[in-house]
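> Sharing a structure below in structure tokens format, with a few things to ask.
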Amino acid sequence: MIKWTLKAVVTIAVLALVVYFVWNYAIPKLSEHEQRQKETSKALYTVKRVIDGDTFEMDAKDENGKYLRVRLLGIDTPEKFESSKLDKDVERTGKDKKVIQRLGEMASDYVKKLAEGKKVILEPEPNYEDKDVYGRLLRYIYLEDGTFINKKIVEDGYGNAFRKYPVSKLNEIIKAENEARQNNRGLWGDVEGLKQLEGTGKK
């Protein structure tokens with residue numbers, strides 16, 4: 001009888017541990033997986049607002065009721081807001097803060113025409129951080145016609161490849177940057193400033 005009772009207690013304890021594990025670890029992971037599956041199964045979002053050249057606000061809200069913000073993976077554009085990044089760019093390049101901000105405004109204006117109000121597909125980087133330290137989703141973004149926005153911005157000369165992290169599409173974006181520079185496209189052309197910002201992707 002005692003032996004049977006002991007066996008029952010052990011069985012119940014094991015079952016309790018399994019339930020605890022599933023509830024606290026497996027279910028949240030499944031939810032995250034489902035969210036990524038939703039994104040990669042061609043779910044469309046609308047770009048509600050272009051905040052700057054590499055950050056978008058979407059029409060969808062998160063669990064706290066705030067509009068989702070997306071940081072474009074693999075690229076960096078000149079900074080237009082007062083920030084620690086702007087200060088670092090000024091220190092590194094020796095360029096006037098107003099010059100850098102003007103380039104940031106031009107990059108942002110270009111991206112607004114390209115993406116604001118458009119329906120887009122968000123694609124995460126496999127086996128990579130889902131969000132950055134500011135809570136922004138880290139994503140590749142595509143227009144409905146298949147245009148790869150991250151690459152297009154760099155290809156047209158309004159941003160750099162962000163080389164700090166070796167994401168899977170980085171080489172593709174670096175190639176687009178090299179072509180933009182060689183052909184004097186966008187801010188690599190007649191506008192002074194970006195050439196002195198070479199390496200902005202190496203924060």
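Please treat every number below as a calculation from the coordinates, not as lab data. Computed from a predicted model, the values in this text were never measured in an experiment. FYI the Cβ positions are ideal-geometry reconstructions off the backbone, even for glycines, and counts take in every protein chain you see.
> Charges at C-beta only: +1 for Lys and Arg, -1 for Asp and Glu. How large is the resulting dipole of region 105-149 about its Cα centre, in Debye rounded to 20?
Dipole size: approximately 160 debye.
> What does the charge dipole of region 52-203 about its Cα centre add up to, to the nearest 20 debye, if the Cβ of each Lys and Arg holds +1 and the Cβ of each Asp and Glu holds -1?
240
> Still on this model: If you add up the charges near Gly135, with Lys and Arg at +1 and Asp and Glu at -1, over every other residue whose beta carbon is less than 11 angstrom from its beta carbon, what do you get?
+2
> In region 142-177, whose amide N lies under 16 Å from the spot 7 Å out along Cα-to-Cβ of Lys119? List them in ranges.
Within reach of a label on Lys119, which here means backbone N under 16 Å from a point 7 Å along Cα→Cβ, region 142-177 contributes 142-147.
> Residue separation times 0.36 nm, minus the C-alpha to C-alpha distance between Tyr134 and Lys66: what's the value?
23.2 nm
> Arrange Glu125, Glu155 by Cβ neighbour counts within 10 Å, fewest through most, would you?
Final ranking by Cβ density, sparse to dense: Glu125, Glu155.
> If you don't mind, there's one more thing I want to ask. Which order results if Phe162, Phe81, Phe56, Phe148 are arranged by neighbouring Cβ count within 10 Å, fewest first?
Least to most surrounded, the residues fall as Phe81, Phe148, Phe162, Phe56.
> Once the dipole of region 44-197 is set up with Lys and Arg at +1 and Asp and Glu at -1 on Cβ about the Cα centre, which of Ile100, Gly186, Leu138 lies farthest towards its positive end?
Of the candidates, Ile100 comes out farthest on the positive side.
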